[in-house]
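**Q** This is the structure I have questions about; it appears just below.
The values are calculated or read from the model by the stated rules, or taken from the named source; none is laboratory data. If you're wondering where the values come from, they're calculated on a predicted model, not measured in any experiment. Here Cβ is always computed from backbone atoms with ideal geometry, including for glycine, and neighbour counts include all displayed protein chains. Each accessible area value is taken on the protein alone, full model and side chains, heavy atoms only, with ligands, DNA and RNA left out. Shrake-Rupley method; radii C 1.70, N 1.55, O 1.52, S 1.80 Å.
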Amino acid sequence: MPLAKDGQLIDDPWTLVADGAVPPAEGALLVSYATWTEHRDALSRRNAPLGIRLDSDQSPALIADDLDRFDLIALDIPVFKDGRAYSYARLLRERYGYAKELRAVGNVLRDQYHFLHRCGFDTFEVATDEAADAWWEALSEISHAYQPAADARRPILALRQARTEHSAPPRPDTATVAAGWAY
Amino acid sequence: MYRYDEFDHTVVAERVLQFRGQVARRLSGDLTEDEFKPLRLMNGLYLQLHAYMLRVAIPYGMLSSRQMRKLAFVARRYDKGYGHFTTRQNIQYNWPRLDEAADILDELATVEMHAIQTSGNTIRNVTADPFAGVAADEIEDPRIYAEIIRQWSTLHPEFSFLPRKFKIAVTGAPHDRAAIKTHDIGIALKRGPDGETGFEVFVGGGQGRTPVVAKSIRGFLPKRDLLSYLEAILRVYNQLGRRDNIYKARIKILVNEIGVEKFTALVEEEWRHLRDGALALPDDEIARIKAYFASPAYLDIPGDVPEFDSKLLTDPAFGNWVGSNVTEHKVPGYAIVTVSLKPEGGIPGDATAEQMEAIADLADAFSFGELRVTKDQNLVLADIRKSDLFALWQGLRAHGLETPNAGLLTDIIACPGLDYCSLANARSIPIAQRIGTRFGDLDRLRDIGDITLNISGCINACAHHHVGNIGILGVDKKGTEFYQVTLGGSADENTTIGDIVGPAFGEDDIVDAIETIVDTYLGLRTDGETFIDTYRRVGLAPFKETLYAAR
Ligand code: HEM
Ligand code: SF4
């Protein structure tokens, strides 16, 4: 499947290791949690990049102590309705301090880019090459956010705190209220 | 009431534009109905039996007269001239067209309204006490915190694909008029050890096929921690709530499966990490929001209003209406008025565009231009001078809005049922209408006194039948409509789930059954007892006896 970052298609240098297979010695490998637990020692001794792919019922808490071993964490979204990965991503970024590539894989749709990005994902497995085109549009559709999250946006609360007095919002005053709430 | 600042405006306006694009992609075939469905649901657009339905949020039930006029305009221009006020303090339009949905949202945005997260597996419209700010027993105005929650929950990036829908309600008074214990999260303002206000937090309430009363998981939460604590609850639920079976996906099931102690421990652990982060509420932000809910400029007037008292005596119809629809206000000389949307033979919660406009005008003339929607599908004018009550009543009467039955048996809460809803087993509206007609006599109604009656057309319980003093549930028996009856439910601070009386009643017997229940109560009650008091004293047995004896 095509891989996108910042709206561009990018190469995927990672090799997915099938469950039950013995991980090869060379190359950047993406392994499942099962493979990681089974071949943990051998995988830790390798001198090549290692990534892990977690299913939607596998919390990153499972690997919280091993995060420095991974250059890629891929979180599976089996169907777009399954929203667990959004929490997992924020935990990885904000709680566990994971700073490398965080990839959304599975049923990743254009209308999810924005929230996925806010929660800390930076690469996206998409269904078609064209699916990456809508990236910037999707990210800029809503320009402010109420919540702090894993992205660099300053939440509305912080923007309000920084606002100068002369641009203060309309204050309630009973004269306009009584006049039928006219502007 | 709250007014949008530039940030709120931008979010809502951009959201409409985004939705317009999504509709266009659906109409052009770029999006399949399956892919479009969650997007339209997050913008309040349902597909019903006959047409689309648009559910517009009325945050914690507050409306300005200007907003009400816009709702009337939408009803007339885009619907069949009416709208339906719901138990979730929303309004629903039953006949919008898909290609006009974004236009409606544009109209609403001009008056600071939206349909964001009125459906879908998201945090839904936050509800609150319809008497907020005017009730004498209030600790603090719940709307301040409901608005803070509204903003936090709007387009929340982490919680837009929850296991299931999620409802939050807030009460500021010990007497709970917001049914907080039937919500996924219920929040009650409370005084802490040093007299400061904070919250008690309840989790896991819900209705549907598994009715559950919410349990307290934190006795006192300081104000600054409101959002971090909510985020902790939602994060635990988002990760652990069941996703394999939609009937087991609500938070109530999670809390029951892992136990409230374990659940509480998980939330507290999560919160430990979050509480001192960016979600901590600064005092000045609370103060900023609070300023919007400052009391209007009440006059310093005497509580005794002789001209009002004399009208009560000389005009019995007015007196009846005052008896049921007018409530004590915290300020002397003022009163709270409930406008019943339950006329005899009508559809509970429906209002025509003309009625909406009339109420808006009356709100301008008599109630500082504001009104509220209640979970009982009625409207409230919260700040009426007692000396204006008679004129207000006449104004309401001119539009068929003076039904004197607030809180009485014919103030029925009913869901759309089989007339509109694709999930229904049975019709609700005609049953409500027939009960309304049977108990049309006002003296009898007033004699029966305070009672709640709720009718749902199926086990999804949209009309809260589990927590009605009398609950009616439509069931299907081999293709025929039957009605199961529960007794003793309540949705206040003593929330209880009603008891099933026994075998269901046929369509022809259900109204008689309700009459038997009422007569049984009248025979058993002692002085001053309401229906629920009597039921709690005598239990189910006497009702069962009279209901099934004749069979
Ligand atoms: C006609 C279209 C409607 C459909 C298809 C519909 C569908 C549903 C479904 C499936 C549920 C169960 C959700 C669950 O238990 O997880 C539900 C619950 C509910 N609905 Fe509706 N509904 C409709 C109309 C309404 C209306 C008009 C109201 C308000 C008057 C309403 C208010 C509620 C409430 C309060 C609940 C209970 C929530 C709870 O379990 O805590 N619904 N609805
Ligand atoms: S209770 Fe059932 S019949 Fe009534 S509106 Fe809800 S889903 Fe439809």
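**Q** Which one, A:ALA162, A:ALA132, A:ALA150, has the greatest fluctuation when you compute a Gaussian network model over chain A with C-alpha springs under 10 angstrom?
**A** Largest GNM mean-square fluctuation: A:ALA162.
**Q** Just the Kirkwood number for segment B:436-479, please: inverse of mean 1/r across all distinct Cα pairs, in Å, one decimal.
**A** After inverting the pairwise mean of 1/r, the radius is 11.8 Å.
**Q** Using a 1.4 angstrom probe on heavy atoms only, work out the carbon and sulfur share of the accessible area of segment A:35-114 in %.
**A** Looking at segment A:35-114 in its full context, I get 42 percent from C and S.
**Q** May I pose another question? Just from its helices, what would the mean residue ellipticity at 222 nm be for chain B, if runs of 4 or more DSSP H residues each count -39500 (n - 2.57) and the sum is divided by every residue, rounded to the nearest 500 deg cm²/dmol?
**A** Mean residue ellipticity, 222 nm, calculated: -11500 deg cm²/dmol.
**Q** So what is the relative contact order of chain B, in percent, for Cα pairs below 8 Å that sit 6 or more residues apart?
**A** For chain B, the relative contact order is 12 percent.
**Q** Return the average number of partner chain Cβ atoms within 10 angstrom of each residue Cβ along peptide A:48-57.
**A** Working: counts 0, 0, 0, 0, 0, 0, 0, 0, 2, 4.
Average neighbour count from other chains, rounded to a whole number: 1.
**Q** Follow-up question, since we're still on this one. Per residue, what volume in Å³ does the Cα convex hull of segment B:86-154 take up? Could you put the intermediate results ahead of the total?
**A** Working: hull volume 8.0 nm³, N = 69.
Cα-based convex hull of segment B:86-154, divided per residue, equals 117 Å³.
**Q** Could you work out the percent of alpha carbon pairs in the protein assembly as shown separated by over 53 Å, rounded to a whole number?
**A** When every Cα pair of the protein assembly as shown is considered, 13 percent fall beyond 53 Å.
**Q** Continuing with the same structure: With a 1.4 Å probe and all protein chains kept in place, how much accessible area does B:VAL337 have, in Å² rounded to the nearest 10?
**A** The accessible area of B:VAL337 comes to roughly 0 Å².
**Q** If the only charges are +1 at each Lys and Arg Cβ and -1 at each Asp and Glu Cβ, what is the size of the charge dipole of the protein assembly as shown around the Cα centre, to the nearest 20 debye?
**A** 660
**Q** For chain B, with only Lys/Arg (+1) and Asp/Glu (-1) charged at the beta-carbon, what is the dipole magnitude about the Cα centre, in debye rounded to 20? Please report the intermediate quantities before stating the final value.
**A** Details: 62 positive and 77 negative charges, 325 e Å.
Charge dipole, chain B, about its Cα centre: 1560 debye, nearest 20.
**Q** Could you give log10 I(q)/I(0) at q = 0.11, 0.16 Å⁻¹ for segment B:1-99, computed by the Debye formula over C-alpha point scatterers of equal weight, without solvent?
**A** Here log10 of I(q) over I(0) equals -0.37, -0.80.
**Q** Given Cα positions, please report Rg to Rh for segment B:134-290, the hydrodynamic radius being the Kirkwood one.
**A** Values: Rg = 15.1 Å, Rh = 15.9 Å.
Taking Rg over the Kirkwood Rh, I get 0.95.
**Q** Report relative contact order for segment B:6-109 in percent, whole number only (criteria: Cα-Cα under 8 Å, sequence separation at least 6).
**A** Answer for segment B:6-109 is 29 percent.
**Q** Sticking with this structure for a sec: Per residue, how large is the accessible surface of segment B:1-70? Use a 1.4 angstrom probe and give square angstrom.
**A** 35
**Q** Please name whichever of A:PRO155, A:THR35, A:PHE80 sits farthest to the positive end of the charge dipole of chain A, dipole taken about the Cα centre and charges placed at Cβ: Lys and Arg +1, Asp and Glu -1.
**A** My answer, from the dipole projection, is A:PRO155.
**Q** List the aspartates and glutamates whose Cα lies under 14 Å from the Cα of B:LYS477, skipping any in the same chain that are fewer than 8 positions away.
**A** B:GLU507
**Q** For segment A:29-110, what is the convex hull volume of its Cα atoms per residue in Å³?
**A** Per-residue hull volume (Cα only) is 90 Å³.
**Q** Where the centre of each part is set by its Cα atoms, how far does segment B:285-312 sit from segment B:91-129, in angstrom?
**A** 31
**Q** Then there's this: So what are the three principal axis dimensions of chain B from its Cα atoms, in whole Å, longest to shortest?
**A** Rounded to whole Å, the extents work out to 60, 58, 56 Å.
**Q** Continuing with the same structure: Could you please state, rounded to a whole Å, how far the C-alpha centre of segment B:362-411 is from the C-alpha centre of segment B:8-22?
**A** Their Cα centres are 34 Å away from one another.
**Q** Which value, in Å², gives the accessible area per residue of segment A:3-142 when a 1.4 Å probe is used on the protein heavy atoms?
**A** 44
**Q** Going by Cβ distance under 4.7 Å, what cysteines of chain B have no possible disulfide partner?
**A** Flagged as lacking a Cys partner: B:CYS421, B:CYS458.
**Q** If you take all C-alpha pairs in segment A:3-142, what percent of them are over 19 Å apart?
**A** 50
**Q** With the alpha-carbon atoms as the only input, what is the per residue convex hull volume for segment B:241-292 in Å³?
**A** 136
**Q** Considering only protein heavy atoms and a 1.4 Å probe, what is the carbon-and-sulfur percentage of the accessible area of segment B:111-167?
**A** C and S atoms contribute 46 percent here.
**Q** Give the percent of DSSP beta bridges with both residues in chain A that are antiparallel, rounded to the nearest 5.
**A** On the way: 5 of 23 bridges.
Roughly 20 percent of the DSSP beta bridges within chain A come out antiparallel.
**Q** Would you list, by chain and number, the aspartates and glutamates whose Cα falls below 15 Å from the Cα of B:LYS70, excluding same-chain residues fewer than 8 positions away?
**A** B:ASP79, B:ASP103, B:ASP106, B:GLU107, B:GLU112, B:GLU354, B:GLU357, B:ASP361, B:ASP364, B:GLU370
**Q** While we're looking at this one, here's another question. Report the accessible surface area buried between chains A and B, summing both sides, using a 1.4 Å probe on protein heavy atoms only, in Å² rounded to the nearest 100.
**A** Rounded to the nearest hundred, the buried surface is 4800 Å².
**Q** Could you sort out which of B:LYS37/B:LYS80; B:LYS37/B:LYS478; B:LYS37/B:LYS252; B:LYS478/B:LYS544 sit more than 27 Å apart by Cα distance in this structure?
**A** Exceeds cut-off: B:LYS37/B:LYS478.
**Q** What number comes out for accessible area per residue over segment B:413-551 if the probe is 1.4 Å? Units Å², please.
**A** 41
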